[in-house]
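One structure is given here, and the rest of the page talks about it.
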Amino acid sequence: MREVVAALLVAAALGAGCSGDDAAAPAGSRASSTPAAPTTAPEPVSPEPPQNGACYRLTYDEAVAPTVDAAPVRCRRPHTARTFRVGRLDRGVEVDSARAQRKAQETCTQRLGPHLGAGREALRLSLVETVWFTPTLEEAAAGARWFRCDAIATAGAGRLLRLPRPLEGSLDALALCATAEPGRRASRRVACSARHAWRAIATVDLGGSAYPTAQQVADAMQGTCRSRARDAAADPLNLTWSEERPTRAQWRAGQRYGVCWVPD
C-alpha cells in the first residue's frame, strides 16, 4: 500500500474569454461595420471514467502515484495492474483532499478481498495489494468525480509482478515467500511460485498505537508462530521459525501485524 500520497503539483489556471473587440483592419482597408461576434472558450467535456476490469502495464512509480495517465492494454497481454472497482467521490469534495483519498483507500481496501474471493489472512499472506487513483485537477475541473481501485502484486521495493489471468482464485501463485530468512540482508520477497527458501504461514495482530519494540513483538507473536511452525514441520521436535515485525514505514502506512515464517 502506498505509504504517502504524493502531492499534486498541477496548477489549475483558468484563462479569461476573449473580449470580443474588433480585430485591427489591415492597412488600406476598411473595418467591417458588423461587430465581430464574441468568442468564448468551449465548454469542458467531462472525461469518461475508467472501465472496471481494465488492465494496465504500470511501473511501480506509476502505481504509487495519486493520478495516472497510462492507457489500458488487452488483459490477455502482460499487465501489472487490473481495475476491480470504479467508485464515485462525494459531491463537493476536492479530488486532491485527504477526504477523497481516505474514501478511495477505505473502499479499495474493503473491496479487494471480496473481489478475489479471499479473506484477510489470505491477502496478508500474498503479494497482492490495492492502489487507488483519482482524477487530475484538470479532469476534476471538467467534471470528473470517479476514483479507481487497482490490484497489483509487489515484489520488493520498486518492482511489480506480472498478474495472472484471471486474477480471481490465483492467490496461490502469488503467495508470500522469501529468498532467505526475513530480516537478513540477502532476503528478498518473491512469489512462492518462484525459487524461494522461506514461506509466510501466519500473521499476528499487534495492539497499541505506538511502534512496538522487538521484545513486544516477540512476546505477542511467539505463541502463534511456534504453533503454526509445529503444524508445518515434518518433525514437530525440530522447529524453526522467524518472527517479522513491520518496519516503521509499514506501521505508519497501517500495517499493524507481524508475519510468521518457516523454512520451505
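The values are calculated or read from the model by the stated rules, or taken from the named source; none is laboratory data. Since we're looking at a predicted model, the values are computed, not measured. Virtual Cβ from ideal backbone geometry, glycine too; neighbours counted across all protein chains shown.
Listed values, structure above:
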| read-out | value |
| --- | --- |
| Residue ranges of strands (runs of 3 or more DSSP E) in the stretch 171-216 with at least 1 members among the aromatic types (Phe, Trp, Tyr) | 198-205 |
| Residues satisfying the stated conditions in the stretch 61-107, i.e. over 23 Å from Gly143 (Cβ atoms) and surrounded by fewer than 17 Cβ atoms within 10 Å (Cβ to Cβ) | Asp61, Val73, Arg74, Cys75, Arg76, Arg77, Pro78, Glu106 |
| Residue check for Thr130: touching a residue at least 40 places away in the same chain (Cβ under 8 Å), of a type in the set (S, T, N, Q), assigned by TED's automatic domain parsing to the domain that holds Phe84 and within 29 Å of Arg199 (Cβ to Cβ) | yes |
| Unmet criterion (only one of (1) surrounded by 14 or more Cβ atoms within 10 Å (Cβ to Cβ); (2) farther than 27 Å from Arg88 by Cβ) for Thr136 | (2) |
| Test set (1) within 23 Å of the chain's Cα centre (by Cα); (2) modelled with pLDDT under 95; (3) not assigned by TED's automatic domain parsing to the domain that holds Gly117 - Tyr257 fails condition number | (2) |
| Residue within the stretch 225-232 that is in contact with a Pro (Cβ under 8 Å, 6 or more places away or on another chain), in a helix (DSSP H, G or I), not small (Gly, Ala, Ser) and not assigned by TED's automatic domain parsing to the domain that holds Ala155 present | yes |
| Criterion violated by Arg162 - all others in (1) in a loop (DSSP other than H, G, I, E, B); (2) in contact (Cβ under 8 Å) with a residue 24 or more places away in the chain; (3) surrounded by fewer than 17 Cβ atoms within 10 Å (Cβ to Cβ); (4) not assigned by TED's automatic domain parsing to the domain that holds Val128 satisfied | (4) |
| Cross-chain or 6+ apart pairs with Cβ under 7 Å, the stretch 94-122 first and in contact (Cβ under 8 Å) with a residue 60 or more places away in the chain, then among the aliphatic types (A, V, I, L, M) | Asp96/Leu8; Asp96/Leu137; Gln101/Val5 |
| Which listed residue is in contact with a Lys or Arg (Cβ under 8 Å, 6 or more places away or on another chain), in the same structural domain as Ala141 (by TED's automatic domain parsing) and closer than 18 Å to Pro47 by Cβ, from Ala100, Ala81, Ala70 | Ala70 |
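For (1) within 22 Å of Asp172 (Cβ to Cβ); (2) among the small types (Gly, Ala, Ser); (3) assigned to a strand (DSSP E or B), each residue gets a yes or a no:
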| residue | (1), (2), (3) |
| --- | --- |
| Arg76 | yes, no, no |
| His79 | yes, no, no |
| Phe84 | yes, no, yes |
| Arg91 | no, no, no |
| Val95 | no, no, no |
| Ala100 | no, yes, no |
| Gln110 | no, no, no |
| Pro114 | yes, no, no |
| Cys149 | no, no, yes |
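Table: residues versus (1) of a type in the set (Lys, Arg); (2) modelled with pLDDT under 90; (3) under 21 Å from Thr240 (Cβ atoms).
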site	(1), (2), (3)
Pro135	no, no, no
Trp146	no, no, no
Asp150	no, no, no
Leu163	no, no, no
Pro166	no, yes, no
Arg185	yes, yes, yes
Ala194	no, no, no
Met221	no, no, yes
